[in-house]
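The values are calculated or read from the model by the stated rules, or taken from the named source; none is laboratory data. All values derive from a computational prediction rather than experimental measurement. Here Cβ is always computed from backbone atoms with ideal geometry, including for glycine, and neighbour counts include all displayed protein chains.
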Ligand SMILES: *Cc1c(COP(=O)(O)O)cnc(C)c1O
């Protein structure tokens, strides 16, 4: 208890204590994630093939399973210093409110205009594109966090940024769209008639609201059909987990300053990038047999890829242009229910996390959205930060674990990732506050139906 007294509410690192290398957890995995496959040939993708879509340096990072540490280029480090080191907060107020003997910490990634951790990878991807002499990058965005982060990074590096935004979000979330345009991005509602795949989808489904998978297909086509452009993606990929390792490395450095070792590490999981980044250095210790930790991935019950999906090769996009990835997936045609407001709607999961989960090194839980918003509001009232719905999945399970400690009297140390703020999610909060939010859980039949359309490579 005396020890506790010395721990401040916020543990900040000094600038000079910031990590200068990213950590690649794949280097320490005995069972490596399955390779990306070329959808045409069924053979593993090479750097040359990937370089047609991604920047060359990023293609190399994507396929590198052996290099443990990558130097962070100085220009990226300098950009990071605008909003990093990010604080590690001891949630004293929440602990008191819950009357738990557990010690709760969270790593807060919402201290930048984009409002989430996505900026950590956006600046890295924009930097490598610029360094390669490209004119610009293309991407998709759903709710808009990734597009916003990428717009900020591209503005800083004076790179053209073309964002395909899922049409329903483009129309219903004008604020994020305008943030992107303010930073100079070109934002197109998807599906659009600017691409062949967009025109095809529009002809087939004239009134469609669009989907993330469809926007990915358009962004990839835009990148490959314009000279000097490449496609960038804000989650799922191994390169993104690598860049996001800054979260875990900083969190670990801050905890190490006070000799604190977490027992449980919790993160929300959409495509897996923040969770992968947060747990990477800790998972590395576990993989090397140095320490043990309990890792928990939290996903929505309405889009439960780890807890109810299948570990199989699948398409990453609706148009089936992207490489095939082996991952826990609900099938690329899976659509979460329209009343699902809490984010984390991607059908698959990072192949790195999928392998770790399959090997029993990480657990997964699914939670229903009303209980997520309850946790969000409980947290906001005592810790002050208005959390993003996505982040609140992690809050939910952190609170659940802290309440278990209250029952057992165990003084466990819990670390969770607070990935962002929820200012642009007030329609979702409004629904919850009005008591209009429901919990939709897909049936086994619905999941089976989309899994029946998995590509044939699975034998
Ligand atoms: C995008 C996003 C997520 C989910 O993405 P991951 O790749 O799973 O980390 C979580 N929280 C916030 C705030 C986001 O913007």
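Numbers at a glance
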quantity: Complete set of residues in the range 183-204 that are in a helix (DSSP H, G or I) and touching a helix residue (DSSP H, G or I) at 6+ places or on another chain (Cβ under 8 Å); calculated: 196, 197, 198, 201
quantity: Residue in the range 257-275 that is away from the ligand (no atom under 16 Å from the Cβ), touching a residue at least 60 places away in the same chain (Cβ under 8 Å), assigned to a helix (DSSP H, G or I) and under 18 Å from the mean Cα position of the chain (by Cα) present; calculated: no
quantity: Hits in the range 123-149 (condition: within 21 Å of residue 269 (Cβ to Cβ) and either within 11 Å of the ligand (Cβ to nearest atom) or surrounded by fewer than 24 Cβ atoms within 10 Å (Cβ to Cβ) (or both)); calculated: 141, 142, 143, 144, 145, 146, 147, 148, 149
quantity: Of all residues making up the range 343-363, the number that are more than 30 Å from residue 430 (Cβ to Cβ) and part of a loop (DSSP other than H, G, I, E, B); calculated: 5
quantity: Only listed residue being over 21 Å from the mean Cα position of the chain (by Cα), outside any helix (DSSP H, G or I) and at pLDDT 95 or above, chosen from 401, 374, 411; calculated: 411
quantity: Within the range 377-387, considering residues that are assigned to a loop (DSSP other than H, G, I, E, B) and out of contact with any helix residue (DSSP H, G or I) (no Cβ under 6 Å at 6 or more places or on another chain), the one surrounded by the most Cβ atoms within 10 Å (Cβ to Cβ); calculated: 385
quantity: Positions within the range 318-342 being in contact with a strand residue (DSSP E or B) (Cβ under 8 Å, 6 or more places away or on another chain) and either outside any loop (DSSP other than H, G, I, E, B) or closer than 25 Å to residue 391 by Cα (or both), in sequence order; calculated: 324, 325, 326, 327, 328, 329, 330, 331, 332, 336, 340, 342
quantity: Filter result (more than 12 Å from residue 147 (Cα to Cα) and in contact with a strand residue (DSSP E or B) (Cβ under 6 Å, 6 or more places away or on another chain)) within the range 157-182; calculated: 159, 160, 167
quantity: Near pairs, Cβ below 6 angstrom, 6+ apart or cross-chain, from the range 136-158 (at negative phi and without any contact (Cβ under 8 Å) to a residue 60 or more places away in the chain) to any residue that is outside any loop (DSSP other than H, G, I, E, B) and within 16 Å of the ligand (Cβ to nearest atom); calculated: 147/141; 147/163; 147/180; 148/176; 148/179; 148/180; 151/180
quantity: Number of positions in the range 21-37 that are in a loop (DSSP other than H, G, I, E, B) and either surrounded by 15 or more Cβ atoms within 10 Å (Cβ to Cβ) or in contact with a strand residue (DSSP E or B) (Cβ under 6 Å, 6 or more places away or on another chain) (or both); calculated: 6
quantity: Residue check, residue 183 touching a residue at least 24 places away in the same chain (Cβ under 8 Å) and crowded, with 24+ Cβ neighbours inside 10 Å; calculated: no
quantity: Among residues of the range 39-64, those that are farther than 30 Å from residue 155 by Cβ and loosely packed, with under 15 Cβ neighbours inside 10 Å, counted; calculated: 7
quantity: Residues satisfying the stated conditions in the range 221-237, i.e. within 12 Å of the ligand (Cβ to nearest atom) and over 10 Å from residue 58 (Cβ atoms); calculated: 234, 235, 236
quantity: Residues being over 25 Å from residue 178 (Cα atoms), in contact with a helix residue (DSSP H, G or I) (Cβ under 9 Å, 6 or more places away or on another chain) and surrounded by fewer than 23 Cβ atoms within 10 Å (Cβ to Cβ) - total across the range 415-434; calculated: 2
quantity: The range 423-449, residues that are within 23 Å of the chain's Cα centre (by Cα) and touching a residue at least 60 places away in the same chain (Cβ under 8 Å); calculated: 423, 424, 425, 427, 428, 439, 440, 441, 442, 447
quantity: Helices (runs of 4 or more DSSP H) within the range 64-159 that include 1 or more residues more than 22 Å from residue 242 (Cα to Cα) and at pLDDT 95 or above; calculated: 92-98, 145-157
quantity: Tally, over the range 338-371, of residues that are within 24 Å of residue 139 (Cα to Cα), in contact (Cβ under 8 Å) with a residue 60 or more places away in the chain and more than 16 Å from the chain's Cα centre (by Cα); calculated: 2
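Here is a yes/no grid of residues against (1) in contact (Cβ under 8 Å) with a residue 40 or more places away in the chain; (2) out of contact with any strand residue (DSSP E or B) (no Cβ under 6 Å at 6 or more places or on another chain); (3) not in a loop (DSSP other than H, G, I, E, B):
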position: 206; (1), (2), (3): no, yes, no
position: 209; (1), (2), (3): yes, yes, no
position: 213; (1), (2), (3): yes, yes, yes
position: 219; (1), (2), (3): yes, no, yes
position: 224; (1), (2), (3): yes, yes, yes
position: 239; (1), (2), (3): yes, yes, yes
